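Where a number appears in this text, it was derived from the coordinates with a stated rule and is not lab data. Computed from a prediction, not measured in an experiment: that's the story for all the values here. Cβ atoms come from the backbone with ideal geometry, glycine included; neighbour counts cover every protein chain shown.
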Amino acid sequence: MSSRWARIAAITSVTVAAGMTAPVTLASAASSHPAGVKPNPVSMMDCNGHSPKYQAVKAGLGGLCTDPLAIGPDGSAYRFRDNGIYIGHDEPSVKFISSRPGSGNRMTYVMRLSKDPAGSPTTSPAGTTRTDYGELSPAPWFGLPVCDPRSYPQNPCTPDSDTNTGTIANSADAGSAFLELQFYPPKFQPFIDGISCDARHWCAALTIDSLECTFGFSTCNNNCIEPVNFAFLQMNGVPAGPPGPQRADVSTMFPSHQTLMMNPGDTVTAGIHDTSQGLRATVTDLSTGRTGFMVASAKNGFMNTNITNCTGTPFNFHPEYSTARQQNQVPWAALEGGVLMQQEIGHFEPCNSVTNSFPINRTFANGQTFTDPHTAQTCAGGYERAGKTGEGPCDPSTGICHHATTEGGAACPTNNAASGALCEFSDAACAPAGPRTIDVNGTVQTVRWPVAGCQDGIFQNGDLDFDGSSYVADWPDGSSTHPTSFAYTGPLTGGHPYPRIQFETDLAGSEIRCNTATGAGCTAPPRGPHGPAFYPFWTLAHGSMSCVWNFGNVIAGHTVHSFGRAAEYGTPDVARYGGTLTSPVISNPQLGSCQPGGAPQRG
């Protein structure tokens with residue numbers, strides 16, 4: 001290993017304890033805990049918010065969920081619908097590949113958090129807009145497959161083992177869930193119906209999404225299709241509120257005084273490793289010395305879900321695989337994800353104002369309440385262009401919508417949000433710029449957004465006409481009006497880098513022009529209402545100790561390799577699911593030269 005990677009390994013040792021505990025068995029993980037925890041009426045039984053029986057705690061969480069695909073008995077894959085509503089979204093990623101034991105269950109990244117430009121955001125989509133990072137991505141994250149015998153396809157799973165497979169056509173495949181260690185930018189609070197913990201800090205959470213369907217999707221429980229465990233990373237490791245889908249409430253989605261808060265521009269390490277009590281995610285802020293962590297354990301209130309009746313069992317979640325081989329993935333996820341570095345995009349549109357009132361109200365079985373009376377459904381002006389209004393309103397009781405559009409800005413062929421059509425039916429949930437009052441458990445608070453905006457996450461999952469911030473060249477490019485780029489190094493496993501990578505994105509699954517069986521019309525960039533949209537991409541640049549990954553755009557004088565820009569994502573993988581674009585597997589270029597034209601090492 002080169003000296004520069006040895007220095008990085010020394011930094012990452014802050015996060016990951018040396019060694020691994022022996023593999024544990026799922027039979028003992030929850031045996032001392034009672035089963036059958038009934039869901040509360042307001043809970044997190046369907047991450048996407050479309051359960052006909054249970055209301056979601058967090059409005060519009062869909063952008064932070066896993067994007068499933070549907071799988072036929074013959075192994076063919078196609079777009080998934082949650083109670084009739086398409087829930088795919090846009091997740092450009094780098095997949096890290098290694099056959100080294102431990103690479104599938106123990107890894108650490110070093111990352112510098114983005115910092116927003118000075119001044120208030122502007123709303124002219126001209127590529128020179130002043131933009132905050134929260135407008136571009138609600139959640140950069142790191143992903144990993146985890147064992148859940150009560151998730152698709154409802155089979156036993158041996159933790160930390162390559163005896164499991166990620167083959168979508170295998171009825172005997174292990175039950176798999178998808179872990180995401182997510183980071184949330186500042187300025188767009190409250191988190192329960194926004195994306196931020198507060199106005200000034202980054203925060204992070206451990207989320208685990210399961211899928212309550214049997215093999216070939218012959219049976220799904222529509223009341224709890226995609227239950228999610230959610231917990232902020234805490235300095236004392238104690239969840240802010242119940243993480244389990246059945247018991248999540250207001251406290252789950254509001255940070256506490258123990259929640260790890262990080263400043264823009266801070267350098268942090270992010271690590272995932274297994275313990276006897278469950279997988280542990282740890283983030284250490286090297287700039288402040290503060291550490292937050294969370295163990296996905298039954299003791300902490302994590303649960304898996306019974307497909308028959310949606311009840312929960314306290315459960316210790318563990319990584320699924322030993323190695324990060326290419327085929328070691330979650331079989332039901334649109335992304336071909338094992339060990340992933342990802343940027344969630346396509347969930348914000350800046351507006352001059354918002355219209356069509358759509359208050360967010362939640363009342364919980366334990367007496368907790370949340371009200372945000374000033375939210376809305378439709379974006380006016382801004383990225384909709386001068387004098388124009390966007391999509392919506394929709395009637396939540398009927399699903400009938402007005403002014404729906406689709407890729408390229410064309411009118412939607414239906415006004416029914418439950419049709420499964422790939423249309424943007426409503427811009428909801430939207431919020432105005434400036435101060436507004438919310439009520440949390442009877443206490444009035446004031447929150448403030450720096451710009452009016454919409455998240456496109458209630459009646460469909462994402463910006464399906466591709467006219468928002470993510471699809472304009474407002475990404476980090478060195479400009480003083482754009483945020484700084486994330487800078488990533490790693491991952492490392494036991495001090496060793498991953499020798500191969502693959503670029504991928506499930507963007508194409510959300511394109512109405514994309515035929516996921518043949519790959520025709522499945523492209524990056526997508527087509528926006530004013531022509532081909534900009535699509536952000538991964539690059540490499542000089543770092544203090546090695547090459548560093550950036551995401552967004554070319555940064556003049558800094559970027560060394562751009563990999564063909566959006567072309568880096570490759571072509572539709574029609575052998576699995578044409579809505580996911582994948583590049584060939586290549587040697588990890590971060591291990592090579594960061595001189596212009598330098599060739600990556602082979603490995």
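For this structure, a couple of remarks:
- Förster radius 35 Å - calculated FRET efficiency between Thr443 and Arg385, Cβ distance, rounded to 0.05: 0.35
- Using C-alpha pairs below 8 Å separated by at least 6 residues, the relative contact order for the stretch 261-313 is 24 percent.
- In terms of packing, defined here as the mean over residues of other Cβ atoms within 10 angstrom, the peptides 435-444, 198-207, 283-292 line up highest first as 198-207, 283-292, 435-444.
- Contact order relative to length of the stretch 349-471, as percent, for alpha carbon pairs under 8 angstrom and 6 or more apart: 29 percent
- Coupling constants for the stretch 416-433 follow from the phi torsions by the Karplus curve (6.51 cos²θ - 1.76 cosθ + 1.60, θ = phi - 60°), and in residue order they are 9, 5, 8, 7, x, 5, 7, 10, 8, 7, 7, 7, 4, 9, 10, 9, x, 6 Hz; glycine and proline get x.
- Using a Förster distance of 25 Å, the FRET efficiency for Arg290-Ala199 (Cβ separation, nearest 0.05): 0.85
- Contact order normalised by residue count of the chain, Cα under 8 Å, 6+ apart, percent: 18 percent
- Between Thr414 and Ser353, the contour length at 0.36 nm per residue exceeds the Cα-Cα span by 19.3 nm.
- Reduced Cα scattering model of the stretch 349-471, Debye log10 I(q)/I(0), q = 0.20, 0.23 Å⁻¹: -1.04, -1.24
- Over the residues of the chain, the helix contribution to mean residue ellipticity at 222 nm works out to -1000 deg cm²/dmol, using -39500 (n - 2.57) for each DSSP H run of at least 4.
- Residues whose amide H falls under 5 Å from that of Val339, counting only those 5 or more places apart or on a different chain, are Phe96, with hydrogens built in the peptide plane.
- At full extension, Ser120 and Phe563 could sit 156.2 nm farther apart than now, given 0.36 nm per residue minus the alpha carbon distance.
- Close Lys-Lys pairs in the chain, where close means Cα under 20 Å and separation is 8 or more or interchain: 5
- Linear extension gain, Gln258 paired with Ser99, 0.36 nm per residue minus alpha-carbon span: 53.5 nm
- Over the stretch 313-372: Kirkwood hydrodynamic radius from C-alpha pairwise inverse distances, Å: 17.1 Å
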